[in-house]
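What follows is a set of notes on a single structure, which appears directly below.
Nothing in this text is a laboratory measurement; each read-out follows from the coordinates by a stated rule. Only a predicted model underlies this, so the values are computations on that prediction, with no experimental measurement involved. Note: ideal-geometry Cβ built from the backbone for every residue, glycine included; neighbour counts use all protein chains shown.
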Amino acid sequence: MEIIIRPTPEECASIGGRIIANLINGKPNAVLGLATGSTPIPLYSELVRMHKEEGLSFSEVTSFNLDEYIGLSGEHPCSYQFFMNEELFGKIDIKSNSAHIPNGEAQDIQSECLQYEQAIRSSGGIDLQVLGIGSDGHIGFNEPGSSLGSRTRIKTLTGETIEDNARFFDNPDQVPRHCITMGVGTIMDSETVLLFAFGEGKADIISKAVEGPVSAMVPASILQLHPNVKVIVDEAAGSNLANISYYKEVYENKPDWQA
Ligand code: GLP
């Protein structure tokens, strides 16, 4: 794991944007795994800026989002489909049929999940997966206790997640209780993972995920077993890390060939 700690979310987003742009410039038909929540917003703003000002094109890119609430249509302002259209897809040149999000209104949820896995495989697999982290350690919507080998499936949200996400809804009762999420195993199949976290509220879970034991009770901790993960956090989210000064030293003294 490479731990990158920068002063602000914007600086973290600029690093992430550069990594994604390098990938797309080298492989225009790259497959991106995308996340929702408040964390990736600065990254998506940076990608939109790069598209508008630097000509970064997503015209051959395919994307797969991590998750979607069950029961919300794509037009619902709290659906992840709506979020992605607003924050990214509507502002870049990605083809709408190349940007995949699980269908939370599917009649047959199980076959929707199988088809989603199949579509990821048919695309050649995810080159780079963007992740945030829930305060309970979830990635996607893989809540504590999720199988570390799980694939795309239905999950029930924990009380903590419902409470965390209630801020996007008019009241907590409107937060759907179920979702479709890529599994932990699906996420682990990605070539590269960028996990972002910002703010003091994420400091405790980031230290557990990065420096604690690998455990299904902290699903993000499985990333310790992934060969190519960058954890990109602001000072506040990194503030509980025991080895913080070492991570900073590594980042600031990278040999030229690695930088
Ligand atoms: C949501 C999403 C996750 C996201 C997380 C953190 O529930 N399903 O993919 O990483 O919660 O959200 P935020 O970035 O708003 O803190």
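Here are a few things to note about the model shown:
- Exposure proxy order (Cβ contacts within 10 Å, fewest to most) of 182, 50, 217: 217, 50, 182
- Computed over the chain: relative contact order in percent, which uses C-alpha pairs under 8 Å that are six or more apart: 24 percent
- Compactness check for region 163-259: Cα Rg over 2.2 N^0.38 Å is 1.29.
- Evaluating 6.51 cos²θ - 1.76 cosθ + 1.60 at θ = phi - 60° for every residue in region 130-140, the Karplus couplings come out as 8, 10, x, 9, x, 5, 9, x, 6, 10, x Hz, glycine and proline recorded as x.
- Global form of region 208-259, assessed from the alpha-carbon gyration tensor, a/c cut-off 1.5: oblate
- Comparing 70, 139, 162 in a Gaussian network model of the chain where C-alpha atoms under 10 Å apart are linked, the largest mean-square fluctuation is found at 162.
- Put simply, the amide H of residue 64, placed in the peptide plane, has neighbours under 5 Å in 32, 33, 34, 100, leaving out anything fewer than 5 places away on its chain.
- Overall, the chain carries a charge dipole of about 500 debye about its Cα centre when +1 sits on the Cβ of Lys and Arg and -1 on the Cβ of Asp and Glu, all other atoms neutral.
- Averaging the sequence gap over all C-alpha pairs within less than 8 Å and six or more residues apart, then dividing by the number of residues, gives region 128-259 a relative contact order of 29 percent.
- Structural descriptor for region 77-156: relative contact order 23 percent, calculated from alpha carbon pairs under 8 angstrom and at least 6 residues apart.
- By the equivalent-ellipsoid construction on the alpha carbon gyration tensor, region 105-163 comes out with semi-axes of 22, 16, 10 Å, ordered largest to smallest.
- The value for the chain of Rg(Cα) / (2.2 N^0.38 Å) is 0.95.
- Charge dipole (debye, nearest 20) of region 133-258; +1 at Cβ of Lys and Arg, -1 at Cβ of Asp and Glu: 440 debye
- Distance between modelled label sites at residue 178 and residue 93, nm, 7 Å Cα→Cβ extension: 4.1 nm
- Count of lysine pairs in the chain with Cα separation under 19 Å (8 or more residues apart, or interchain): 9
- A simple charge model with +1 on the Cβ of Lys and Arg, -1 on the Cβ of Asp and Glu and nothing else charged puts the dipole of region 124-174 at about 300 debye relative to its Cα centre.
- Only alpha carbons enter this Debye calculation for region 30-181, each as an equal point scatterer, and the log10 of I(q)/I(0) it gives at q = 0.13, 0.14, 0.22 Å⁻¹ is -0.58, -0.68, -1.63.
- Choice from 82, 64, 141 with maximal GNM fluctuation in the chain (Cα, 10 Å cutoff): 82
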